Amino acid sequence: MQQRPRLERRGVATTSKDGPPADRPGARTILHLDMDAFFVSVELLRRPELRGQPVVVGGSGTRGVVAAASYEARSYGVFSAMPSARARRLCPDAVFLPGDHAHYAEVSERVMAILRSVTPLVEPLSLDEAFLDVTGARRRAGDGPTIARALRRRILDEERLTCSVGVAPVKFLAKLATNDAKPRPSRTGPVFGPGISVVEPGGELAFLHPLPVEALWGVGPATLGRLERYGIRTVGDLAQMPLATLEGAVGKAHGRHLHDLAHAVDPRSVEPAQELKSISHEETYPTDRFDPAELRTEAVRMADAVAARLRRHGTVARTVTVKVRFGDFRTITRSATPPDAVATGPAVARVAKDLLALVDVSPGVRLLGVGVSNLVSPGAGTGTQLSLLDALGEGGADGPAPAEPDAAAWAAATDAVDRARERYGADAVVPASLASPTGIHVRRRGDQQWGPDQEG
């Protein structure tokens with residue numbers, strides 16, 4: 001029988017004997033909430049007959065990657081970001097399910113709404129993970145562990161999903177604490193941990209210093225190798241290393257960063273409004289693509305998806321980038337900044353196709369991506385021009401540019417296209433080049449995010 005998730009904290013606080021209480025004046029209370037095997041758990045709500053089996057969400061083809069694995073699959077050594085081919089070798093009986101990014105995003109929005117009902121200071125890190133600063137909510141909602149228990153109950157009751165929460169005075173300790181709260185893999189399902197792990201003010205170093213040094217943000221294989229030459233194994237070892245020696249070993253800025261973390265210093269605040277810096281869409285193909293015309297059509301598909309997200313965020317882009325990965329994994333990018341900022345699919349596509357024309361695709365393209373960056377507000381000296389033909393995808397590099405009537409009228413037309421898509425679906429109005437005898441093919445956010453599902 002599968003173990004039920006725990007809803008209460010059970011002896012997991014890391015405290016100092018003389019430490020002040022968690023709700024002392026001036027002490028921040030930061031929560032790090034991480035959903036448990038989020039994509040798989042959402043899928044199992046739709047496929048309850050698969051409970052108890054090793055389930056993998058991701059691309060099932062030879063070029064696919066694992067997006068998420070159930071705790072049964074994890075017990076075989078299957079983890080996210082692993083090539084799907086390797087996952088199949090490790091767990092031949094695994095059930096592969098294609099990812100549904102749009103559905104996960106809907107569930108994520110509901111979860112984030114629950115978090116924001118407690119505090120407006122919510123910083124999403126991904127669809128299934130977020131920081132919360134609940135310092136201002138303590139008087140109304142209780143201390144950190146009390147708030148964490150209430151959130152876990154609500155998410156379980158309303159979404160039928162479990163999560164784990166770390167509570168600490170600073171962000172990176174809260175994230176580390178979450179690891180202690182997470183379920184553990186087993187062949188029979190998740191072995192639920194305490195669900196909530198707490199690092200009390202005053203107990204930061206007692207919690208932190210016994211951990212392996214690679215637990216710190218910024219200690220990857222290269223940095224770990226340098227530190228090991230000095231006999232550094234734990235965070236406590238690192239904390240005793242003279243700052244000058246540490247800076248000499250890993251560089252001044254990196255050394256100062258690690259020195260601060262080893263002493264539990266993390267002044268970063270929870271940032272609820274993260275400025276959007278770029279938007280991109282890329283896809284890995286089941287087999288290498290060699291046809292320039294086919295790749296141009298693919299660029300139009302991706303540009304249409306990217307531009308739709310641009311407009312949804314109420315912004316325009318000054319720079320367009322094309323990313324190409326060849327069959328031998330050699331990867332190149334090409335960027336351009338057009339005279340006018342872009343916000344429509346055809347405008348992005350024109351630049352992307354021009355960039356793609358500069359690339360020799362004869363070796364075979366494994367992955368193609370289109371992205372935009374240098375995002376600014378519309379009308380902020382951008383010279384952005386929108387046309388109805390742009391919105392419908394009939395102008396562009398393959399034909400003469402249409403005459404530009406009143407920009408406001410064409411902006412309204414573009415808005416009408418977006419409203420039609422919102423009401424009737426992404427394929428309600430599309431560039432003509434995306435229609436084929438087999439139907440209309442659009443690209444939505446998350447399509448093939450984890451690689452193709454089949455060959456061909």
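Structural remarks
- Residue that is surrounded by the fewest Cβ atoms within 10 Å (Cβ to Cβ), among those in the range 327-347 that are touching an Asp or Glu at 6+ places or on another chain (Cβ under 8 Å) and not in a loop (DSSP other than H, G, I, E, B): A336
- Selection status of G61, among the small types (G, A, S), more than 22 Å from T162 (Cα to Cα) and surrounded by fewer than 19 Cβ atoms within 10 Å (Cβ to Cβ): no
- Here the range 83-101 is the region considered, the condition is being assigned to a helix (DSSP H, G or I) and hydrophobic (A, V, I, L, M, F, W, C), and the residue that is modelled with the lowest pLDDT is A85.
- Output for the range 267-280, where each listed residue is surrounded by fewer than 20 Cβ atoms within 10 Å (Cβ to Cβ) and in a strand (DSSP E or B): S278, S280
- Within the range 81-100, the only residue that satisfies the criterion of being out of contact with any helix residue (DSSP H, G or I) (no Cβ under 9 Å at 6 or more places or on another chain) and under 29 Å from A148 (Cα atoms) is A81.
- Among the residues of this structure, G142 does not count as one that is in contact (Cβ under 8 Å) with a residue 24 or more places away in the chain and either of a type in the set (V, I, T) or on the phi > 0 side of the Ramachandran plot (or both).
- Qualifying residue in the range 351-359 (condition: within 26 Å of the chain's Cα centre (by Cα) and crowded, with 23+ Cβ neighbours inside 10 Å): yes
- Condition met for L261 (out of contact with any His (no Cβ under 9 Å at 6 or more places or on another chain), in a helix (DSSP H, G or I) and either over 30 Å from D328 (Cβ atoms) or in the same structural domain as G371 (by TED's automatic domain parsing) (or both)): yes
One line per residue, one yes/no per condition, for (1) at pLDDT 95 or above; (2) not in a loop (DSSP other than H, G, I, E, B):
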| position | (1), (2) |
| --- | --- |
| P145 | yes, yes |
| T178 | yes, yes |
| S186 | yes, no |
| A222 | no, yes |
| L227 | yes, yes |
| D237 | yes, yes |
| M241 | yes, no |
| H257 | yes, yes |
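- Residue under evaluation P272, criteria (1) in the same structural domain as L358 (by TED's automatic domain parsing); (2) touching a residue at least 60 places away in the same chain (Cβ under 8 Å), criterion not met: (1)
- Residues that are closer than 21 Å to K277 by Cβ and without any contact (Cβ under 8 Å) to a residue 24 or more places away in the chain, drawn from the range 336-379: A336, P338, G379
- In the range 125-134, residue nearest to E159 (Cα to Cα) [restricted to those that are crowded, with 19+ Cβ neighbours inside 10 Å and not aliphatic (A, V, I, L, M)]: D128
- Long-range neighbours under 8 Å by Cβ, at least six apart or interchain, first residue free of Cβ contacts under 8 Å to residues at least 24 places away in the same chain within the range 228-239, second assigned to a helix (DSSP H, G or I) and surrounded by fewer than 16 Cβ atoms within 10 Å (Cβ to Cβ): Y230/T245
To keep it simple, each residue is scored yes or no on (1) within 21 Å of the chain's Cα centre (by Cα); (2) at pLDDT below 95; (3) assigned by TED's automatic domain parsing to the domain that holds A168.
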residue: T15; (1), (2), (3): no, yes, yes
residue: M35; (1), (2), (3): yes, no, yes
residue: V56; (1), (2), (3): yes, no, yes
residue: S60; (1), (2), (3): yes, yes, yes
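- Those residues of the range 281-324 which are small (G, A, S) and surrounded by fewer than 16 Cβ atoms within 10 Å (Cβ to Cβ), in sequence order: A293, G314
- When the criteria are applied in full, A264 meets the requirement of being of a type in the set (A, V, I, L, M) and crowded, with 18+ Cβ neighbours inside 10 Å.
The values are calculated or read from the model by the stated rules, or taken from the named source; none is laboratory data. From a predicted model like this one, the values you see are computed outputs, not experimental measurements. So basically every Cβ, Gly included, is an ideal-geometry build from the backbone, and we count neighbours across all protein chains shown.
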